[in-house]
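The values are calculated or read from the model by the stated rules, or taken from the named source; none is laboratory data. Here the structure is a predicted model, which is why all the values come from computation and not from measurement. In this analysis, Cβ positions are derived from the backbone assuming ideal geometry, glycine residues included, and neighbour counts consider all displayed protein chains.
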Amino acid sequence: MSSAAQILANQANAQKSCGPKSRIGKEVSSENHRIHGLSSTTYSRFFILENEREEEFYALKDNLIREHTPQTETEKLLVRRMVEHEWLRARAVRLQDLSCCVLNNGKIADPKEFALYLRYQSMHERGFYKALNELQKLRNEKRNEQIGFVSQTRAAEALNLKQQQFEMKKQQFELKKNRAAGVPQPENTRKETPQAESSPATFETAA
């Protein structure tokens, strides 16, 4: 159990605790419990901070949708992940500049907080490229399936054509074989022989 002297010492030390002094630092710190939002993605509740411009977020979203033109729900989800990860990556960079400014002696004011935002920046960079890679992989699989289906269709058509050609050659061979053996040919395979022309009738004229 702490003694009375230790309790007083702890209270005195708490008064010396350094927190943000500037207006910007206090604004950033006030958002910390709502938290900087850097851990929010599609899997949790994503939100835009009050000091961020909502129209810039939707401009980013529209640009990425226009670039990648998602067609299915899965593709739309992946593009949305890309938008949110890029937005949060940029937020982490801004928070590094706002709350972790470099002092006159060249040292970072709060190395621990700076390292935290740097980790979030790296995390969202990886998240962005992971979603992009998944989108490209999904489209490559679809493309290969379509190519495979077209190839199978063409192969089936080529095989059918070869079978037809084989049957025709087989029929022609059988006909030649039967003719050589003197086998009567079916009516539709016999050659029509022209009939002999009858000589014109002669009439004797009476003398």
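Can you tell me which residue is farthest from Arg45 (Cα to Cα) among those in the range 61-88 that are of a type in the set (Asp, Glu) and surrounded by 15 or more Cβ atoms within 10 Å (Cβ to Cβ)? Reasoning before the result, please.
Taking the range 61-88 first, the residues of a type in the set (Asp, Glu) are 62, 67, 73, 75, 84, 86.
Subset that is surrounded by 15 or more Cβ atoms within 10 Å (Cβ to Cβ): 75, 84, 86.
Details: Glu75: 20, Glu84: 11, Glu86: 16 Å.
By that ranking, first place goes to Glu75.
Residue pairs whose Cβ atoms lie under 9 Å apart, separated by 6 or more positions or on different chains, with the first residue in the range 114-140 and touching a residue at least 12 places away in the same chain (Cβ under 8 Å) and more than 19 Å from Val79 (Cα to Cα) and the second in a helix (DSSP H, G or I) and among the small types (Gly, Ala, Ser), are Phe114/Ser99; Tyr117/Ala92; Tyr117/Ser99; Leu118/Ala92; Tyr120/Ala92.
For Leu95, the conditions (1) under 28 Å from the mean Cα position of the chain (by Cα); (2) part of a helix (DSSP H, G or I); (3) not charged (D, E, K, R) all hold with the exception of (1).
For every residue, the table says whether it meets (1) surrounded by 10 or more Cβ atoms within 10 Å (Cβ to Cβ); (2) at pLDDT 70 or above.
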{"site": "Arg139", "(1), (2)": "yes, yes"}
{"site": "Leu161", "(1), (2)": "yes, yes"}
{"site": "Val183", "(1), (2)": "yes, no"}
{"site": "Ala196", "(1), (2)": "no, no"}
{"site": "Ser199", "(1), (2)": "no, no"}
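Of the residues contained in the range 26-37, none is found to be polar (S, T, N, Q), within 30 Å of Leu138 (Cα to Cα) and at pLDDT below 65. Of a type in the set (Lys, Arg) and modelled with pLDDT under 95, is that true of Arg91? In short, yes. Just to be sure before I move on: is Leu118 at pLDDT 75 or above, in a helix (DSSP H, G or I) and in contact with a helix residue (DSSP H, G or I) (Cβ under 6 Å, 6 or more places away or on another chain) in the structure I sent? Criteria not met by Leu118.
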